[in-house]
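Taking it in order: structure first as structure tokens, then the write-up.
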Amino acid sequence: MGHWLKFRMAEVATYSFEDARAVVIDRVRSLRTPPKTEMVGLIDAAGRVLMEEVRADRELPPVARSLRDGFAVRSSDVPGTLRVVGEVRAGGMYEGEVGAGEAVEIMTGAPVPRGADQVVMVEHTRREGANVTTDRAGKAGEFINPAGAECKAGDVVVAAGTRMDFVHVAALAMVGATQARVYRRPKVAILSTGDEVVPVESRPGPSQVRNSNAWSLAAQVKRAGGEPVILPAVRDDEEATRRAMEDGLRHDLLLLSGGVSAGKYDFVEPALAALGAEFYFDRVLIQPGQPLVFGRAKERFFFGLPGNPASTMATFELFGRAALELLGGANDAPLPLLWAKLKSGYRHKTGLARFLPARLLDDGQTVEPMVWAGSSDIAAMARANAYLVVEAERGEYAAGDWIQVIPR
């Protein structure tokens with residue numbers, strides 16, 4: 001098997017981080033099967049990807065509205081003293097027209113009466129009985145939201161391919177859409193491999209580990225809009241691994257954890273090859289997560305993720321999440337990169353892009369690299385809230401330097 005692996009790995013490209021992400025996005029976009037759709041109510045719309053655009057059913061606002069509590073006036077009449085001839089509140093209408101020397105008391109959101117072209121904030125007025133005085137200069141349109149300023153009838157308010165959040169749900173409700181056609185959540189099979197892996201409820205021996213990878217991946221899949229399906233962990237046996245993979249490839253995406261290095265008992269690549277897999281890459285110049293496999297078998301995409309927990313988590317966020325979002329109907333899958341200042345300096349050997357546990361401080365602008373014991377250190381990862389993004393060819397950063405981070 002060692003000879004087979006050397007032959008295989010010589011044929012498959014090794015990519016930089018940027019190139020590997022580009023390969024994932026390009027392959028999934030070009031080869032994905034259009035996902036199925038379903039109708040959901042507004043309560044279930046958040047987090048789903050919209051299949052068809054939603055348009056405004058009317059002009060919004062339908063009439064000019066006041067942006068402030070105050071008085072609706074003619075701009076040609078101010079500054080000066082005006083006679084208050086009425087009041088209009090949100091949800092009401094003033095039936096008359098504001099004439100010369102007149103004002104109508106108005107509340108935020110209320111329709112602006114005919115004849116008025118300015119709202120003077122109540123804070124800039126002095127009320128004396130039936131009169132109101134202001135020293136504000138006339139300014140047509142001040143504190144008025146004109147009819148149609150937000151959108152016209154037929155305008156797209158939420159575009160197809162949008163992963164909706166609470167604001168998009170509000171937009172749907174605003175235009176009277178009680179349901180939305182969304183893409184079905186992709187089903188993602190999660191398969192951990194290795195003789196050392198035992199169920200989380202077990203008490204592991206000295207050489208064993210609980211199957212934390214399956215559960216961290218399930219949480220990541222769910223957060224990315226997928227439906228996780230955890231398969232029973234499989235031992236280091238090529239035939240057993242192949243059978244488990246066949247089961248996993250019945251789903252929309254297969255995530256494998258462990259068994260992707262070049263060791264004597266790493267059976268993931270041989271088992272995939274036996275299933276006729278096409279491999280796009282099996283190594284990426286990153287740390288953690290260098291031995292990362294991406295390909296396609298039986299018309300389904302798969303990732304072979306490294307078995308160390310930090311590597312599993314990072315490689316899913318960097319690569320698997322993009323594939324899952326695209327399979328779920330999203331138009332794009334950008335990384336949520338931010339810039340922050342390093343609290344302390346950092347240096348590393350160049351050649352690999354590094355994605356290391358870090359703490360983004362409360363100011364949101366300062367980041368501190370975490371002390372950790374390597375890719376198996378889940379405790380350090382739990383204390384972190386971001387990944388520090390260290391460029392492959394930059395060997396040293398000083399305290400105060402700007403650096404990219406990925407919030408977790």
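A few points about this structure:
- Residue in the range 247-264 that is over 17 Å from P309 (Cβ atoms), free of Cβ contacts under 8 Å to residues at least 40 places away in the same chain and of a type in the set (D, E, K, R) present: no
- In this structure, A218 does not satisfy being over 16 Å from F301 (Cβ atoms) and either aromatic (F, W, Y) or modelled with pLDDT under 95 (or both).
- Within the range 355-377, considering residues that are among the hydrophobic types (A, V, I, L, M, F, W, C) and touching a Phe, Trp or Tyr at 6+ places or on another chain (Cβ under 7 Å), the one nearest to I286 (Cα to Cα): F355
- Residue satisfying condition, being more than 21 Å from T133 (Cα to Cα), out of contact with any strand residue (DSSP E or B) (no Cβ under 6 Å at 6 or more places or on another chain) and either of a type in the set (S, T, N, Q) or outside the structural domain of T315 (by TED's automatic domain parsing) (or both), within set I43, I25: I43
- Near pairs, Cβ below 7 angstrom, 6+ apart or cross-chain, from the range 353-374 (without any contact (Cβ under 8 Å) to a residue 60 or more places away in the chain) to any residue that is among the polar types (S, T, N, Q) and surrounded by 14 or more Cβ atoms within 10 Å (Cβ to Cβ): R359/N385; L360/N385
- Being out of contact with any Gly (no Cβ under 6 Å at 6 or more places or on another chain) and under 16 Å from S76 (Cα atoms) holds for only one residue in G109, G138, and it is G138.
- Residue in the range 313-323 that is of a type in the set (D, E) and in contact with a helix residue (DSSP H, G or I) (Cβ under 8 Å, 6 or more places away or on another chain) present: yes
- Per the conditions (1) in a helix (DSSP H, G or I); (2) farther than 26 Å from G304 by Cα; (3) touching a residue at least 24 places away in the same chain (Cβ under 8 Å), the sole criterion not satisfied by V167 is (3).
- Scope the range 125-144; condition assigned to a loop (DSSP other than H, G, I, E, B) and surrounded by fewer than 12 Cβ atoms within 10 Å (Cβ to Cβ); matching residues: G129, A130, D135, A137, A140
- Filtered by the rule that a residue be more than 11 Å from S75 (Cα to Cα) and not in a strand (DSSP E or B), the range 112-121 gives V112, P113.
- Selection over the range 76-111 of residues that are surrounded by fewer than 17 Cβ atoms within 10 Å (Cβ to Cβ), of a type in the set (G, A, S) and not in a loop (DSSP other than H, G, I, E, B) gives a count of 3.
- Number of the exception - T125 against (1) among the polar types (S, T, N, Q); (2) assigned by TED's automatic domain parsing to the domain that holds E239; (3) within 30 Å of G101 (Cβ to Cβ): (2)
- Cβ-Cβ contacts under 6 Å between residues 6 or more apart (or on different chains), taken from a first residue in the range 16-42 that is among the polar types (S, T, N, Q) to a second residue that is outside any helix (DSSP H, G or I), are listed as S16/L285; T37/M51; T37/R181; T37/Y183.
The values are calculated or read from the model by the stated rules, or taken from the named source; none is laboratory data. This is a predicted model, so every value here is computed, not measured. Neighbour counts are summed over all protein chains in view; Cβ atoms, including those assigned to glycine, are modelled from backbone coordinates with ideal geometry.
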